[in-house]
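Right, one structure below, let's go through it.
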Amino acid sequence: MTLRSIFSTTASALALAFVVYACKGHLSEAEKLDLAQTPLQTVDSMFFVQSENGVLKMRVEAPRMESYEHDTLSYDLFPKGIHVYAYAEDGSLETTIVARQARHDKYPRRIKDERWSAYGDVLVTNILKRETMETDTLYWDSDKREIWTDCYIKLSAPSGYMQGVGMRSDEMARNAILLNPFDNEFLLESDSTRVVIDTVNFIGPLPKK
């Protein structure tokens, strides 16, 4: 073996070792990534609409959407908040939902099985009835067409308000039912007259001063 062939063989071995080392370094960095926590897709200024028989049913807007996919579950995260607009049968805007964060779960193996979750300062407004709901967590089942929460919630209407824990309603927030209303009292004072009102199932006008 000539000296040139020895140098050539040595150089080739060093080059191969360098490539293997370099690739190994990159692989070790890749192995540190948690693919389950890495979004498959991100969308800024997300906007989409849902219609039925040519009639607008829902509009959703969000500053950012992150999509994740797994074998049994796919979901979208809205880490910077979400606005949902739901429309009545005649096409008029009826209900809005605003939250600081949201999540949309989809199950590929179960058709029509999906659920929305909204978190943080959730405000539901039925514009036509002028009623609002305030809570920390809200769920929406598109198949059952209902919304609910197991958290503290305050229901307000032009005639008064109720508060308690747990609520069930149709998806348009037309007929909300408070599951565990607070059993407490509040006082109203008018010209030194004290009026005690029990807030259990109370939703009505406050006494006039």
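No lab work stands behind these numbers, since they all come straight from the coordinates. Nothing here was measured: the structure is a model prediction, and the numbers come from that model. Quick reminder, even Gly has a Cβ in these numbers, built from the backbone with ideal geometry, and neighbours come from all protein chains shown.
Here are a few things to note about the model shown:
- The stretch 146-184 residues near the modelled T137 label - backbone nitrogen below 13 Å, point 7 Å along Cα→Cβ: 148-153, 166-167
- Taking other Cβ atoms within 10 Å as a rough exposure proxy, W148, W116 sort from fewest to most as W148, W116.
- Tail weight of P(r) past 19 Å, computed on alpha-carbon pairs of the stretch 49-176, percent: 50
- Lysine pairs with alpha-carbon atoms under 17 Å apart, the stretch 39-198, spacing 8 or more or separate chains: 5
- Stretched out straight at 0.36 nm per residue, the stretch from R174 to R130 would grow longer than its current Cα-Cα span by 14.8 nm.
- Surrounding net charge for V49, when Lys and Arg each add one and Asp and Glu each subtract one, Cβ distance under 14 Å: 0
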